[in-house]
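Visitor: My questions all concern the structure below.
Readers should treat all values here as calculations from the given coordinates under stated rules, not as data from a laboratory. These numbers come from a predicted model, not from an experiment. In this analysis, Cβ positions are derived from the backbone assuming ideal geometry, glycine residues included, and neighbour counts consider all displayed protein chains.
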Amino acid sequence: MRSSVDARFLWRLAGTYVIAAMAGALATQIHIPLPWMLGPFFVWAAIALIGPRPQLVPMGRELAQVAIGVVVGMRFTLPILLATAGLLPAMFLGTVYMIAVTVSAAALLAWLARLDHVTAFFATAAGGVADMAAVAKLYGGTAQAVAVVHALRYSLVVAIVPFAVFFFGEHGPATALSDDASGSVLLAPVALFLGYLGARALKPTPLPNPWLVGPIFVGVALGISGVFTVHFPPIVIIVAQVALGTWLGAQIRREQMAALPRVTFIGLAIACYLIIGAGLGAVVLSFATGLPFTTSFLGLAPASITEMVLTATAMNLDAEVVTAFHIMRIALVSSTVLIVFKLYLKMRGVRLEP
């Protein structure tokens, strides 16, 4: 019986990633941006809406983020780090602006979708879906509605922003995705293992997304110290993108959306509102700092750091700046979310039951 279950699991696993790889390969042929991520995402999102769900590799998304985090982190040099540090005030103000946009989105969501203010706030807050759903439930909100709105926001941003940036933004000068091509391929597993240890070290902390942030810190340390230079073969990033795209597609849950049709419809509108808000903020940010609009937009975009950094890298933009903006957002949101939540309730005239 056990061997039969294992065989079925392996067949489903193989089928999932064969379909994902074929989708990625097709996406490269028709010149879709980020083909190895968006191809599997679109295909598996469509399949998930019909019914069948992919069988995911255990920790596939986490390990993919480790690889991307190390590669991006090693792009940092001391001059780049110092130049990025000079943008700290802009990063702080940009994050505060996006927090204000999400708070206004919460008020709109509560009104249009007829949700309580606790659920609406955590459904739009710029945090991880699992964390926001858990905190919402703790304060009497509806975790399922939070999960639906987050999945829609996450999916719509990933589906729209790369296309918008690729077709309407300006590409930067051509650079390699990874690092020094003269570095050693043999050291790549060592760097990835160190990145994994960095993620594990941050896991017990309250910092969200340690699987990406920890490896970025490790990559920065390795890049600046010059302990060794690594060349990551392109297949490393391709495999990571396939794993991410498949995981993203799996977040589309037909049963959740069917159970909350009004929330689903309004959630799509709120996701568009957040994207527009980020775009308007990016215009001001570009004018104030001289950063390209595309870099500013990706830095403020209301999505996961991983996909926005990959988009910046694929367009040869300042992926380091985009990374720094999102790390600032993660740090500021995670440390102030409950303070902003209570302020939001006070503004709306809502009192929590003791």
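Visitor: How many angstrom separate the Cα center of segment 263-278 from the Cα center of segment 183-257?
Guide: Result: 29 Å between the Cα centres.
Visitor: Sort the following peptides by mean Cβ neighbour count (other Cβ atoms within 10 Å, averaged over residues), highest first: 237-248, 191-202, 61-72.
Guide: 61-72, 237-248, 191-202
Visitor: Another question, then. Starting from the amide H of Val230, placed 1.01 Å from N in the peptide plane, find each other amide H under 5 Å away whose residue is 5 or more places distant or on another chain.
Guide: For Val230, the qualifying residues are Asp180, Ser184.
Visitor: Let me ask you something else. For the chain, what does the alpha-carbon gyration tensor say about shape, rounded, prolate or oblate, given a ≥ b ≥ c as the root eigenvalues, a/c under 1.5 as rounded, and a/b over b/c as prolate?
Guide: Oblate.
Visitor: Please work out how much length the chain gains when fully extended from Ala14 to Ile30, using 0.36 nm per residue of separation minus the C-alpha to C-alpha distance, in nm with one decimal.
Guide: 3.3 nm
Visitor: Which order do the peptides 20-26, 293-299 come out in when sorted by mean C-beta neighbours inside 10 angstrom, highest first?
Guide: Output ranking for 20-26, 293-299: 293-299, 20-26.
Visitor: A follow-up question, please. Could you give the nm distance between label points at Ile160 and Met59, where each point is 7 Å from its Cα heading toward the beta carbon?
Guide: 3.6
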